[in-house]
Amino acid sequence: MISIFDLIAMLLTLSALFGWINGRFIHMPHSIGMLVLGLVASLLLVLLDVAFPSQHLYEALTGPLQQIDFTDVVMNGMLAFLLFAGAMTLDLSALRDRAWPVATLALVGTVISTALVGSAFWAVAQWSGHPVSLAWALVFGALISPTDPVAVLATLKNVKVPLSLEIEMQGEALFNDGVGIVLFTVLLGFAAGIGGEPSSAAGIARLLLQEAGGGLLLGVVTGYVAYRAMRAIDDFPVEVLITLALVAGTYALAQKLHASGPLAVVAAGLLVGDRAPRDAMSERTQGYVSSLWTLVDEVLNSVLFLLIGLEVLVLRFEPGSLVLAAAAVPIVLLARLVAVSAPLLAFRWGGNLSARNVPFLTWAGVRGGISVALALSVPESDAKAAILAATYAVVLFTIIVQGSTLAIVARRTLATPGAE
């Protein structure tokens, strides 16, 4: 066992080393480069262990990684700060203008994708001779359907798209994980045989209201309190500390109240990011706050994508699951296509959704650490190996392949980048 400090030191050192290698020699987008280099390092270590089994390199270097609870690190650590950093930079007035398409994509699109992915994954599992029950297949659909806010925001840094479309993508990514986590919780209860209130239609509605509605309300309240506190003083160290306390306190309180922590910090970030710069922060304070959250975003993103790549070392993939993993990629892509197209067909009279954007929105459906964390949190069952393998295949494909080619898709399918 090594100490927490040693683990943090190891991850930061590897992040700095791989970041330097990528920036100096490879020149991939930073987040993608971190994941690829982490994955390559994992595969090289496996090959070295096979070539020199007497050296026990694998056990020596995977030991520290096995101490890391990926689900806890992501869901109860990094996620709150990354979501707040993303929400702080989002234009709230522009988001209000695109509220309908954002809500449609985040809610309707996630539900449609969950149903389609789950059904298709179940069918392929039956056909391949490695059956997964429909309930567990729907659990996979719920955890893989929401686009990952961290991965999407990281990808958008390297792609120029029309402002209205960028707002839709950012808004969808920031809000749909709350919907996806509620669906995941409900479907996991069915699959694992956990009874209780969420098993009924009324229970599901109450859970959604408590999780999503409660999280948004809590975020607005705590965000407003922080805004008023910052407005009452002009002392940048204290104001910077208030933003840090806002994130940690809001997320922790949301968990105690059984509300959605991700939605709570998003709501708080949107409110503070919109109101505080106008009349609560001096120009000097704005510079410090902006610099802090830019740094937090970059450092945590680097560590998170590195961890996704290194996590291959400690996961166990059964050979029979590889067929399902390969099939999961086109299944998720097709489900994403239907999920972004269906609202367009159903609500085309609204004029807020454009068919021109469908190919780009489909390809921009990047998944990341949240999906991996949810998959790892699935209780041990006959289906877990298949769910883990499929989740990892989709996450790697969307980040590496879709993320690195998104700019090409944007140039070929969208209007002039930067237009409204």
**Study point:** The lone exception for V179 - which of (1) modelled with pLDDT of 90 or more; (2) under 21 Å from the mean Cα position of the chain (by Cα) it fails
**Key:** (1)
Exercise for review: Within the range 87-109, count every residue that is touching a Leu at 6+ places or on another chain (Cβ under 7 Å) and closer than 30 Å to A383 by Cα.
Suggested key: 0
Practice item. Just one of (1) more than 14 Å from V299 (Cα to Cα); (2) modelled with pLDDT of 85 or more trips up G77, so point out which. Key: (1)
Practice item. Answer yes or no as to whether P277 is more than 22 Å from the chain's Cα centre (by Cα) and open to solvent by less than 50 Å² (accessible area, probe 1.4 Å). Key: yes
Study note, to complete from the structure: Of (1) more than 30 Å from S164 (Cβ to Cβ); (2) open to solvent by 10 Å² or more (accessible area, probe 1.4 Å), T89 fails just (1)
Point to revise | Scope the range 269-289; condition in contact (Cβ under 8 Å) with a residue 24 or more places away in the chain, closer than 14 Å to M88 by Cα and assigned to a helix (DSSP H, G or I); matching residues | key: G269, L270, L271, V272, G273, D274, R275, A276, Y288, V289
Check your understanding: Inside the range 148-247, counting only helices (runs of 4 or more DSSP H) that do not spill past its ends, which hold 3 or more residues that are of a type outside the set (A, V, I, L, M, F, W, C) and either out of contact with any Gly (no Cβ under 9 Å at 6 or more places or on another chain) or under 21 Å from L92 (Cα atoms) (or both)?
Key -> 163-191, 214-231
**Study point:** Among residues of the range 145-195, those that are hydrophobic (A, V, I, L, M, F, W, C), touching a Lys or Arg at 6+ places or on another chain (Cβ under 8 Å) and farther than 22 Å from L216 by Cβ, counted
**Key:** 1
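The values are calculated or read from the model by the stated rules, or taken from the named source; none is laboratory data. Here the structure is a predicted model, which is why all the values come from computation and not from measurement. Quick reminder, even Gly has a Cβ in these numbers, built from the backbone with ideal geometry, and neighbours come from all protein chains shown. We work out accessible area using only protein heavy atoms, side chains counted, and drop any ligands, DNA or RNA first. Shrake-Rupley method; radii C 1.70, N 1.55, O 1.52, S 1.80 Å.
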